[in-house]
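Computed from the coordinates by the stated procedures, all read-outs in this text should not be read as laboratory data. Every value quoted in this text rests on a predicted model; they were computed, and no experiment measured them. A quick note on method: Cβ atoms are made from the backbone with ideal geometry, for glycine too, and the neighbour counts reach across all protein chains shown.
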Amino acid sequence: MQGYPLKISAGNNPPRAFVYPNQNNEMIYSGIVPRLIKIFARHFNFTLQWMLVPNYQSSSLRDCMAFLLENKIDLCGDFMHFNDKLYAIAAPVFINYGYIQVPFSQTIPKYQYFLQPFENSLWYSICILLAVHTLVLSLIHRYKSNFWSLGKFFLLSLQSILFVSTYNLPPWRGHLKYFLYLLLTLTGFIISTLYVTFLSSILTTNVYEPQIDSVEELKQRKIPILTNDLDIEVLKYFDSLDKISGNYLNVDITTYGKHRSRLNPQYAYITFEDKCDFYLYQQKFLQRPRLRLMTKPSIALWANIPMHHNWPFLDLMHRYMLRIFETGLLTHIQELTKEEGIVLGHIRFLKTSNLDSLPLDIHYFEMPAILLGIGYCSALLCFIGEALIKLSDRFVYTGATARCFEGVLARCSLGDSAGCSAGVPDRCFGGASAICTVP
């Protein structure tokens, strides 16, 4: 093309475009899109004239659009979505998926480890099993001994589930004995062995919460989605703002860039695929990443380099971009851009901070302290229950003794000298047999 000049807008929008001065105070234009345009110009013998957009250090797509519609430039030095008929876009277009970056699941507190081996449904089943087990044994004892003993068999059932081998079994014979052993084996030995096996396997590792994979789960964990004005504009244009309605925090572009570039796990972020790869590259050497992408994208847009509809080299640009996609050069340029972002300080490799050996703190003793408290509370409840039972029995016995006195005195008043001479203590304090003889 004999050095035909191409006018391109330039602004800083990592990783799509970098603008920075070198050691000689000369402006350097780099990034994914400037690299593609430079290869195009070198291959077809164009010369490039870069035009800085206002506030180029933190540019947006609006600045490029304004230059393009005012005929100040031929090409935008950035990717743009195919959302307007005012400009053409290089073909073939590619689908730029927008994902929500969510924090990786955090470790659960140590005191919750005792509940983790089983799911909630299984814990409910164990509680029902404990109640049924207690009821069955109590019914058998009621049938054989003619009185209830729910407390005793509840403790026996609880001991079997806890696999405490020091409990005393009822002196049953025959088929009842084998039935008792079978019941205790199924409800005690198997469940307790599985529980201890799972618990011992997780005590030496970290247990994490379930991964976040929906906006509803973000709301439940009170993690807002950090956005800026441009994100809101794009989401409104494509009717996708309702998906995050009520759970986003709109901030200025500087604050947004600061949190996103450092992968602050206190927020979630809506980011397109090329920027996701760029910023998540910082986690390459982390033992456990800070952020991850949701499984399904929240938005999908056509994107490529925008230009004028009547630009004379439009078809040439189409063929060139087709060759770029066919050869896989775009993927190679994206990898080079990541390394350049590290050099320029836009991103940096994050360091795992929990590799040092730390002394045990109070959190490691929460589990045994909670279990000890539960044990003391259970013992107190059992003591209160036994005391109430004894107190009720005393009232029953006192009432029977009073009726005995009334019967003896009635006989004395009727002249029954034999009944009166038998003595009140022998008749009324002689136990259950004396009470039962009173008419």
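Numbers below:
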{"quantity": "Trypsin sites (Lys or Arg not before Pro) restricted to DSSP loop in the stretch 5-91 with at most 16 other C-beta within 10 Å", "calculated": "LYS72, LYS85"}
{"quantity": "Pairs beyond 26 Å (Cα-Cα), from LYS236/LYS296; LYS219/LYS351; LYS236/LYS258; LYS110/LYS152", "calculated": "LYS219/LYS351; LYS110/LYS152"}
{"quantity": "Under 5 Å, built H, 5+ apart or other chain: amide partners of ALA300", "calculated": "GLY98"}
{"quantity": "Taking the stretch 1-160 and dividing mean pair separation by its residue count, relative contact order in percent (alpha carbons under 8 Å, at least six apart)", "calculated": "20 percent"}
{"quantity": "Contour minus Cα-Cα distance for ASN247 and ILE190 (0.36 nm per residue)", "calculated": "16.0 nm"}
{"quantity": "Loop-resident sites, the stretch 241-293, for chymotrypsin sites (Phe, Trp or Tyr not before Pro), counting at most 13 other Cβ within 10 Å (DSSP)", "calculated": "PHE285"}
{"quantity": "Hull volume in cubic angstrom per residue (convex hull over the Cα atoms of the stretch 12-54)", "calculated": "79 Å³"}
{"quantity": "The stretch 258-341: trypsin sites (Lys or Arg not before Pro) in DSSP coil with no more than 15 other Cβ atoms inside 10 Å", "calculated": "ARG262, LYS284"}
{"quantity": "Antiparallel content of DSSP bridges confined to the stretch 1-90, in %, to 5", "calculated": "40 percent"}
{"quantity": "Whether the stretch 258-318 is rounded, prolate or oblate, judged on the alpha carbon gyration tensor where a/c under 1.5 counts as rounded", "calculated": "prolate"}
{"quantity": "Virtual spin-label span in nm between LYS85 and GLN49, 7 Å along Cα→Cβ", "calculated": "3.1 nm"}
{"quantity": "Long-range HN-HN contacts of ARG16 with modeled amide H, under 5 Å", "calculated": "ILE32"}
